[in-house]
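The values are calculated or read from the model by the stated rules, or taken from the named source; none is laboratory data. Predicted model, so just to flag it, every value in this text is computed and none were measured. Virtual Cβ from ideal backbone geometry, glycine too; neighbours counted across all protein chains shown. What goes into the accessible areas is simple: the full protein's heavy atoms, side chains included, and nothing from ligands, DNA or RNA. Shrake-Rupley method; radii C 1.70, N 1.55, O 1.52, S 1.80 Å.
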Amino acid sequence: MNKKDPYAALRFKEFNIFLLVRFAMVFAWSMQFVVIEWEVYSITKNPLSLGIIGLMEVIPAVGMALLAGHIVDQSEKRNLLIKCLLGFSVISFGLFLLTWPRIVADWSTNIILYSIYFLVFLGGFVRAFMGPTVFSLFSLVVPKKIYPNAATWSSSVWQMASVLGPALAGFSITWIGVHWSMCLIVGFSALALVFLFQIPKKPILNPKIGESMMTSLKEGVSYVLKTKAIFGAITLDMIAVLFGGAIALLPIYAQDILKVGAEGFGVLRAAPAVGAFIIMFASAYFPLHRNAGMKLLVAVFGFGICIIIFGLSQTFWISVLALFFSGVTDGISMIIRQTILQLKTPDHMRGRVSSVNSMFVGSSNELGAFESGLTAKLMGTVTAVVFGGTMTLLTVLGFGIFSPTFRKLDLKDDLDKHESEE
């Protein structure tokens, strides 16, 4: 097979089904997060409440991450993902009921709010297992020699869902309201389950089935810490996302600063994902594995600049453009990071490595939301966003200066090694 074939991964049926599962799953999850953000801010008009949403999800997601990685590496991946999707569906249905006026008409605002936080909290447990399971299943439906191409398409589908989910959320809030928007989310979750049943069970590649949990966890964490490429990529992205979490404050910008309403909110929320999707599609033709370290540093630096521009803008189209280009730079970062993880992680440790990654990078989205909500409460919304972007720039500069090994990282040799093993 031609290694330069931009559609190499799409020639495998199971990988295509995997992409459909991931699209429906991410679409439902991203749409749900946006709808809940809108509902909670509409109820409270408090920036800190947006941060609490992220905090409620990140506490169980981080707390369970290492245990989840151990369980994923000891389990059959397809059935475990089915359980994750069933859990997400139950939570979505609960949120559907909580946004139904007929059900909560006699409930106080605080009871509704705390019930939403509780379901988001339960969702954090589901997410702790979902990320490592998807990462591990990915490696079982496509040959190693086309991991970079497959990672590009997988990330592109993730971004496509991230475009359409938030955009539809913004419009559906206007057209059919929050309650029936949650009904759509339940439907897409069920669709993901239907697709997932089309993938057969996969073998468990871990040769240490039954290994003690502490030994297993220690091995996973140790591998991440001693593999400089993985640790560097995770750390850089975590700090950048932590301080660049302006997305969590978009309801404030849409309602109070730019004054563009729910439809404008949907456009703002979708703009980063549109930029990321475009760059990911282009990267199928122009791979990013050469000089990966320097490209990642430049991408995250560009992301920080875009966040600062967005924070200062009071013009809708400038804000949209800034978010669009933040998506372009974040898309480059995501592809490089996923390629590093796929190429440098042994099959039997994918669950644990992915769990450590989710602790750092995945959870930094929610911690970033909390940081943004807290700083917006203390400093004001605009100052908080500019502060976050500035911290991102300083992080990249420090990382580039003090980590020359990562700066010189190139993935060509790793890719050649996998191709020779096929």
### Query
What is the chain's relative contact order, in percent, from Cα pairs under 8 angstrom and six or more apart in sequence?
29 percent
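When the accessible area of region 30-109 is split by element with a 1.4 Å probe, what percent falls to carbon and sulfur? All intermediate terms of the calculation are to be shown ahead of the outcome.
Numbers: 1980 of 2950 Å².
Carbon and sulfur together cover 67 percent of it.
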### Message
Need one value: the accessible area of I209 in square angstrom, 1.4 angstrom probe, rounded to the nearest 10.
### Response
100 Å²
### Query
Which loop chymotrypsin sites (Phe, Trp or Tyr not before Pro) in region 80-166, with loop taken from DSSP, have no more than 15 other Cβ atoms within 10 angstrom of their Cβ?
W107
### Query
What is the Cα coordinate range of region 229-375 on the first, second and third principal axes, sorted by size from largest, in whole angstrom?
50, 34, 23
### Query
Given the C-alpha centroids of region 44-58 and region 391-408, what is the distance between them in whole angstrom?
31 Å
### Query
Roughly how large, in nm² to one decimal, is the mean projection of the convex hull of the alpha-carbon atoms in region 65-140?
5.4 nm²
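What does the charge count around Q32 come to, taking other residues whose C-beta lies under 13 Å from its C-beta (Lys +1, Arg +1, Asp -1, Glu -1)?
Values: positive: R127, R269; negative: E37, E39, E57.
Charge balance near Q32 sits at -1.
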### Message
I need two numbers for region 125-187: Rg to one decimal and Dmax as a whole number, Cα atoms only, in Å.
### Response
15.7, 46
### Message
What is the ratio of the Cα radius of gyration of region 4-97 to 2.2 N^0.38 Å, with N the residue count, to two decimals?
### Response
1.39
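Scaled to the compact-protein estimate 2.2 N^0.38 Å, what is the alpha-carbon radius of gyration of the chain, rounded to two decimal places?
On the way: Rg = 20.5 Å, N = 422, 2.2 N^0.38 = 21.9 Å.
Rounded to two decimals, the normalised Rg is 0.94.
For region 213-253, rounded, prolate or oblate, judged on the Cα gyration tensor with a ≥ b ≥ c (square roots of eigenvalues), a/c < 1.5 rounded, else prolate if a/b > b/c? Please list the in-between numbers first.
Values: a/c = 7.02, a/b = 2.38, b/c = 2.95.
Oblate shape, in that a/c is at least 1.5 and b/c is the bigger or equal ratio.
Which of the DSSP-defined H helices in the chain satisfy a minimum axial length of 30 Å, computed from C-alpha atoms, and a minimum mean Kyte-Doolittle hydropathy of -0.5?
In the chain, the long hydrophobic H runs are 13-44, 77-98, 109-138, 147-175, 261-283, 292-312, 316-344, 381-402.
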### Message
For a 22 Å ceiling on Cα separation, which of these pairs sit above it: K201/K228; K45/K377; K83/K226; K201/K344; K218/K408?
### Response
K201/K228; K83/K226; K201/K344; K218/K408
### Task
Can you work out the accessible area per residue across the chain, with the rest of the protein chains kept in place, probe 1.4 Å, in square angstrom?
40 Å²
### Message
Can you show me the helix-derived [θ] at 222 nm for the chain, built from DSSP H runs with n ≥ 4 at -39,500 (n - 2.57) apiece and divided by the number of residues, rounded to the nearest 500.
### Response
-26500 deg cm²/dmol
### Message
What whole-number distance in Å separates the alpha-carbon centres of region 303-357 and region 211-274?
### Response
7 Å
